1. Out of the range 78-134, which residues are touching a residue at least 60 places away in the same chain (Cβ under 8 Å) and among the small types (Gly, Ala, Ser)?
2. For residues that are under 15 Å from Arg292 (Cα atoms) and either modelled with pLDDT under 95 or buried (at least 18 other Cβ atoms within 10 Å of the Cβ) (or both), tally how many sit in the range 53-66.
3. Looking only at the range 110-148, filter to residues that are hydroxyl-bearing (Ser, Thr, Tyr) and at pLDDT below 95; which one of those is surrounded by the most Cβ atoms within 10 Å (Cβ to Cβ)?
4. Spot the failing condition for Glu118; the list is (1) over 23 Å from Lys149 (Cβ atoms); (2) in a strand (DSSP E or B); (3) not polar (S, T, N, Q), and only one is missed.
5. Would you tally the residues in the range 7-33 being surrounded by fewer than 19 Cβ atoms within 10 Å (Cβ to Cβ) and part of a loop (DSSP other than H, G, I, E, B)?
6. Criterion first (buried (at least 17 other Cβ atoms within 10 Å of the Cβ) and within 18 Å of the chain's Cα centre (by Cα)) does Ala271 satisfy it?
7. Of everything in the range 244-267, what is touching a residue at least 12 places away in the same chain (Cβ under 8 Å) and under 23 Å from Ser166 (Cβ atoms)? Give them in sequence order.
8. Exactly one of (1) crowded, with 22+ Cβ neighbours inside 10 Å; (2) under 25 Å from Phe160 (Cβ atoms) is unmet by Lys47. Its number?
Amino acid sequence: MQNSDSNELIAFYNVENLFLPDKTPVHKQDPTVSGLRNWDSRKYQSKLAKIASVFEFMKQEHGVIPMLIGLCEIHGQQPLNELVRLKPFDSRYGVVHFDSMDERGMDVALLYDKDKLEIIHSEPISFFFGIDEGTAAYYDTTRDILYCKARYESKIIHLFVFHLPSKREKDINKPRRDFILKEIRERIIKLTQAKEAVVVCGDFNENPDAESLNKLLYDDNFSKILTNPYGELYNNGVFSTFHMKDGLVFDQIIFSKEFIQPGFPLKFINAKVFNSSKLLSSDKKFIGRPFRTYAGTRYLGGYSDHFPVFIELLQNKNK
């Protein structure tokens, strides 16, 4: 990778349960907001410092802090406000966040370099799923998709930040993931028809070879409208997270053809999983895996159970 101040990074990071400290329960069996065991102020402050340090490591190894950072597994605005006050952000980064109706209160968010980008518009895209139980009507919710319209130099970039429903209970949520991707795909098709630049990032809870993610890359005429560079990384055994014995690339950054064509101020160079040695577990049983905060109920004190991912972009001075 080139280390140059003329390059920019766009990143995404599933930070694994960034909650404010839980209040002391009245009774030992009282449920906590986080659902974590003994999630106190000391552990919270350590978690914030570790997340910030990930981007300090990224700066040390690649020359710059990402100008755009999608995040997921965030609970509320306050942790984000506290995060951007830490080094290397030093209050130069803005925060875009909305509270979602997710059952655990898990949200997605965007951090952005205020010296390089202007957020023109932002909104959450919410999804509700009906459930029939007997004669009563219920509905279920999931994490919102965050949409932002940003200006970089004179160009507009449309950003979507995802955290799709998880694979659990024999992947009961697959129809929901497929539905959400179908709905967002329709928005993306309209934007690309208008020759607007698009970036889609997130934890998709699917690998890049999933049919629903492949379909996202094409319009209704089967013309390619988006590029997903994480398919090659997945095929080469470079993973962003793990489940049991399986390596996974659920964390991906996908972009429109503007980033690979002349005339746009940013040109795609490459895609990476930031699996720096500093972020690795020291447990011999988990060689090559992220140093996570919790393993079940056991506190480990690490960063996250996911590695960050990023794309590197060359500033095109001859646009």
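1. Answer for the range 78-134, where residues must be touching a residue at least 60 places away in the same chain (Cβ under 8 Å) and among the small types (Gly, Ala, Ser): just Gly105.
2. As a first pass, look at the range 53-66 and keep what is under 15 Å from Arg292 (Cα atoms): 53-54.
So of that shortlist, the ones also either modelled with pLDDT under 95 or buried (at least 18 other Cβ atoms within 10 Å of the Cβ) (or both) come out as 54.
Number of matching residues: 1.
3. My answer is Thr142.
4. (1)
5. Pass one, the range 7-33, residues surrounded by fewer than 19 Cβ atoms within 10 Å (Cβ to Cβ): 7, 20-21, 23-33.
From the residues that got through so far, the ones that are part of a loop (DSSP other than H, G, I, E, B) too are 20-21, 23-33.
Of the residues in that region, 13 qualify.
6. Numbers: buried (at least 17 other Cβ atoms within 10 Å of the Cβ): yes; within 18 Å of the chain's Cα centre (by Cα): yes.
Criteria met by Ala271.
7. Narrowing the range 244-267 to residues touching a residue at least 12 places away in the same chain (Cβ under 8 Å): 248-260, 262-267.
Residues satisfying the conditions are Leu248, Val249, Phe250, Asp251, Gln252, Ile253, Ile254.
8. If we test Lys47 against (1) crowded, with 22+ Cβ neighbours inside 10 Å; (2) under 25 Å from Phe160 (Cβ atoms), just (2) comes out false.
The values are calculated or read from the model by the stated rules, or taken from the named source; none is laboratory data. From a predicted model like this one, the values you see are computed outputs, not experimental measurements. With ideal geometry, Cβ positions are generated from the backbone for all residues, glycine too; neighbour counts draw on all protein chains shown.
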